Each structure stands twice: as C-alpha cells, then as structure tokens.
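See structure below.
The values are calculated or read from the model by the stated rules, or taken from the named source; none is laboratory data. Bear in mind that the values here come from a model prediction, so they are computed numbers and not experimental data. Reconstructed Cβ throughout: ideal geometry from the backbone, glycine too, with neighbour counts over all protein chains shown. The accessibility values were calculated without ligands, DNA or RNA, using every heavy atom of the protein model including side chains. Shrake-Rupley method; radii C 1.70, N 1.55, O 1.52, S 1.80 Å.
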Amino acid sequence: MLSDDRQAAPFLEKMLRVLPGIVYVFNQTTQSNEYANRSLGDVLGYGPAEVQEMGSALFPTLCHPDDLPKIGAHFQAIQSMGDDEVLSVEYRMRHKDGEWRWLLSHDAVYERDETGALLRHIGKATDITDLKRQEAVFAAGREELEVIFNAASSGIVAFNSEGQVARVNEHARHMLGGLSDPAPFEWPEEISFLDSETLQPLEASADPVRRALAGHALHSETHLLRRTKDGPERRYVRIDTATVNHEASGINLVLVIDDVSNEERNRQVVERKSRLDALGQLTGGIAHDFNNLLASMLYAVDLAGNADNEAERKEYLETAASSVERGRALASRLLAFARTQPGLASVKKTVDVCESFRTLIRPMIEAHIEIRLEVEDAELRHYCDQNQLENALMNLVLNARDAMLRSGRGNRIDISARAVRASSPDLDGKQRGHDRSGEIPRPGAGGESFRYVEISVADNGPGMDDETLARCTDPFFTTKETGAGTGLGLAMIYGFVSQSDGDLRIYSEVGVGTTVQMTLPRGTERGVREEAVPEADVEKGGGQTLLVVEDEPQLLQMITSVLGRLGYVVVTATSGQEALSLVEGGEAFDLLLTDVVMPGKIGGFELARRVRALRPDIPVIYTSGYTGFTASEMGEVQAPLLQKPAPPSELAEVIAAALADA
C-alpha cells in the first residue's frame, strides 16, 4: 500500500499515463485543461507543449464547428449537475494531420468552491473514430439493403416467432392493399385467399399463409388473393416461403409474393381454348363412334326384319345386341372420364389384385416381353372400384406393349405397389372433404395425414417426348394409327383415379421408358377406407453434407430447401460433369443424392461409378421419375432408388438409413 501522498502522487501519474483514453481536469475559470495525460497528444497528434500553448483556445481551434454548440451546452449542463452524476457527449476534434477524430467524453464534478460553484470537473475521453466508421459502413449497408429490399419486384413479408409481420417491403404493402401499419403487426384479417372456382374464402387448412406459419414449405403455389373483405378486386399471386430462424432479429419465416395475374389469366385463356379444342375432339369422337354403332344397329335390325330364316334373323339380332354392348362400354368409359359414374368402391389386398391381373394379362402379351410384379407389403390394402382399377392396369400394360412393338424398343413391363404418404397437401385435402375445423396439421409435429397405396406401371420402351406427355390424358388423343385405338385409355384412367380421390402422375424419358403412378386411398381389414393417422417424427440430420445432383433448377431448389430444414448441409450440381468436377476438386461430402437421367454424357449411374472410384465408402441414393431400372442397368453401384417427387419423410428416412450404414 502507499503510505503517504509523496508515494501516491508518482503512482497516480504513472497510472494516468498507461490508462487508455484521455484523462483530464478542466478548469472552469481558465476554460482550459489544467491537466491532461499523454493520450491527448497521442490521439490528436500534438505534443504536451503544443497542447499547453493552446490553453483555452483548444476547443475553439480543434473542435468541429458543427459540434461547438453541443460542447457549449455540455459545459453548461456540467455547471448544474449533481456530484454523483456523469454526463457524456460525442464530438469531433481535428487531428494534427487534418483528419477529424471522434471522441466520447464522460465528465463528473471534481471540485466546488464554498458557494457550491463548480471550479473543476474531471473527465475521460475515448477515441471512437473506428467505431464511428464501422457504424457508418453498417448504416450505409443497411440503407443499401433497404433500397434493394424496397426495389424488389416481389412482395417480401417477414414473420417473427409470434406469427406477426416483422418486416414488409413497399411492393408487398402495395400488393396487399396499401398496408401502412408500422411493424410488427398481425396479418390483416381482411386479406383472404379464394377458391378460384367458387370465389369463396379457402378453408384454414388450405390458406397459404396459415399453412406457412404452421410449418409447411410453399414452392411457387398460385392463389387468388382478395385484398379487402368484401372488395371486388382480386389478383393471382405466386407464393414461396423460406424458413430463416434468425434469432437476433426474431424472424423465422419469409414469404415472397409475386403478382402473376396477367400470366395466370393468359394461362387460363390458353387452357380454356385447349378445353374447347378437347371438347371439339371429344364431341367429334363420340359422334363418330356412336354413329358407327347406330349404323351397325340400323343395318342389323333392317336385315333381321327381312331375314329368310330364323337362324339368319338371330345372327343379325346378335350383331345389334353386340353394338348395344359396345355402346354401353363406351358410355361407361365416358362417364369415368367425366367423374359422374358412381363407382363401386371396395377394399382388397393389393398383392391379390396384382397377381390376379398378371395371370389375366400374361396370355395377351408377347412372350419376349417380361412382366414383373413387386408388392412391398403382402398386407397392403387399397380402396377403390376394383373393376375400374383392373381396366386401368390393362390399359397401361397394353399401351406399354403397343409402344414397344411399334418402336422395336423395350422388353420389360414392371407392375409395383408400395405404401406412401401424400405427395401434396391437395391430395390430403380430398380425403378431408368439407372438414372446416380450421386445424392445420404441422408436418412432423404430432399432426395427422392420410396413407395411400401407389400402384405403378413402368416400361423400358421408347418413352414420350414433352409434347406427347403434355397431351397424353386428353380425350381421343392417340399416337396409334387410325383404327388402332380410341384415345380414351389414359383419359379414362385419369377420371377413375380422380373419382377415387387419388392422384395420377406420369413420368417419361425418351429412349428410357415411361412410368405411370396411380396413388389410391388405403383400405383397412374392416373393409373401409382408412382414416388419417398420426404423422411419424421425421428423422433429421446432424449437419452432414450432401452432394445433390439434379438438372431441373426448380426441383433442385426445392430439394435443397427440404434438406436444409432436415438439418443437412447441401452442395449442389446441375449435371453429372459438374458434380464429378466438384468431387475431383476435393469437395467434402458425406452422401451422393443424384438424378439418374441427366443431359450430357454422365448420367446418375455413371456418376456414382466414378465417385465410388474416388470415394469407395460414400453412400449413394438415386432419384428418378422413371423407376423401371434393373440391377444390371444400375451397374457397379447398387443403391436405393427414390421415385420423384419423394415426400420429405421418405427422403429423410432413406438418407438417414444410408448414412447409418456407411
């Protein structure tokens, strides 16, 4: 300890020299620093003698002119402040080299006279020039981002964890009806999304904003938006979402809204024209077919009336009856397409139906064409009209057979069945009917969803080009020669599946083959349609890196978003060559998830072979809309094949299993 003032004075002097910042004692009488440590000269570039020489002219000489009034007010406030108070002020002082330095001073009473008047105050000033520069850079960056945010042609709405609108750009405010509320605020109740056919507000389970807030990812969904409760103005918007979870700002969801009214109306005009064209073809086709049937009946009845004997009359009447039967079958197919036929739904084991169908169809198919059957669960049951399902399977198999025979390409038809979850929220919505409970099941959070049976017919035939694929379900559209087909086969299948509250998807690659998926409601042992069941928890990753290869940009974006939400880090490539370059360049990853059919010389199977040559232990998962690949076509790398689009739960399960086995 210091024993007396003679020891304390040198000690304090040395302490003041080493303390960061300027320490000073300001004399109110002389209006100058009575004491200042060395830091004053260090900060401003002046030596102690120069500072001493300036005296009371220090502030008038060196302080920024714009800050002098502030300094004067600060000194005035010091006169009246309490002994325990501390006052602060920020100001600029000119360095000897001419640069302005920002200082932050904290001042307190040091000494008063017997009347209480202030004689001296003590203070400490810190150089905050670097901090001010950083603040300026941050402010400029924030202003720049704000300009970009408000200049974006899309409406951008950010929600916080409470479901309130935390940020909204100018375009979104305008698009949503001129919102002027300061953020945060609740999503306006007067804004609603309508059913495009009935113009009635969507149920809560279909409302895109409520679904997004409940945890569903939205990707380019188009909805009809009404900005006011009873207003006539409506516009079509495309909505995408991104989960953020930014703890510092509290934002956890971003909604991107694009006004696509013109594009949607143009699309509807084109669709309406296409429907009219299809209706014209349908009407002409029906008229043609029924005209032939009526002609056959007319001639048969006329000939029966003029028959010379009973046997001849019976033959003509049988011909007329056959025409009536053909007319009844045609009417049945038309009703299935129009979705007005009641249908006799029942429950059957899927494996029994498929095996029975294979026995039925085998004699009709050429011997060189192999028919393979795979049902993953012998206890799997489906709920639909069994006769229509059999007709649908027969149409699909015969179509595949005809395509292979016409092209001379292909020798295999695969019929498979498996249990699946909904491929889209709309499919579950069909099962819920008119449920208006307003509850929206959260994915993987204790919600409920329906289970389905997916029955696929895949061939390794010639495949379809984009134009044929786009029109293949149109009524009376056929690629067969005249008289070889009515063009109602796929249209009838589409009608049957839709009538069954199911979903029809068709995938085709020219030179590879075609896969047709029929997703149908699941049945129970009690012979009724299965109700919704609790969703299983989705197995999430632990930060592993996945190399995802997909040539379709929008699908790649969606897969990346889904995998990110599942806890994986994603590295992307849009071709086999790009992916191979990444691997050869030393890119670190834990699993390869690749499309099979891609442009260029390196497809999914070849990519997997080359990656395994470099990384022998890397797990591989294939994805494809077409699923008719054989083990020999996969080649050296045998791996799971996911059918696109794979639900997130299935994707998560297969990835977790592959990583666990690695």
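For residues that are open to solvent by 30 Å² or more (accessible area, probe 1.4 Å) and at pLDDT 80 or above, scanning just segment 10-34, find the one that is farthest from ALA77 (Cα to Cα).
GLU34
Looking only at segment 77-108, how many residues end up being polar (S, T, N, Q), open to solvent by 60 Å² or more (accessible area, probe 1.4 Å) and within 23 Å of GLN52 (Cα to Cα)?
0
This table checks each residue for (1) within 22 Å of ALA419 (Cβ to Cβ); (2) touching a residue at least 12 places away in the same chain (Cβ under 8 Å); (3) touching a Gly at 6+ places or on another chain (Cβ under 9 Å).
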position: GLY523; (1), (2), (3): yes, yes, no
position: ASP537; (1), (2), (3): yes, yes, yes
position: GLN554; (1), (2), (3): no, yes, no
position: THR560; (1), (2), (3): no, yes, no
position: ALA579; (1), (2), (3): no, yes, no
position: GLY586; (1), (2), (3): no, no, no
position: ASP595; (1), (2), (3): no, yes, yes
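In this structure, does GLU146 turn out to be out of contact with any helix residue (DSSP H, G or I) (no Cβ under 9 Å at 6 or more places or on another chain), surrounded by fewer than 17 Cβ atoms within 10 Å (Cβ to Cβ) and within 25 Å of ASP84 (Cα to Cα)?
Criteria not met by GLU146.
Which one of the conditions (1) touching a strand residue (DSSP E or B) at 6+ places or on another chain (Cβ under 6 Å); (2) loosely packed, with under 15 Cβ neighbours inside 10 Å; (3) part of a helix (DSSP H, G or I) does PRO69 fail to meet, given that it meets all the rest?
Unmet condition: (1).
Taking the condition of being at pLDDT below 70 and among the charged types (D, E, K, R), how many residues in segment 279-323 meet it?
Of the residues in that region, 1 qualify.
Would it be correct to say that VAL512 is over 20 Å from SER449 (Cβ atoms), β-branched (Val, Ile, Thr) and either open to solvent by 20 Å² or more (accessible area, probe 1.4 Å) or modelled with pLDDT of 85 or more (or both)?
Judged against the criteria, VAL512 is a match.
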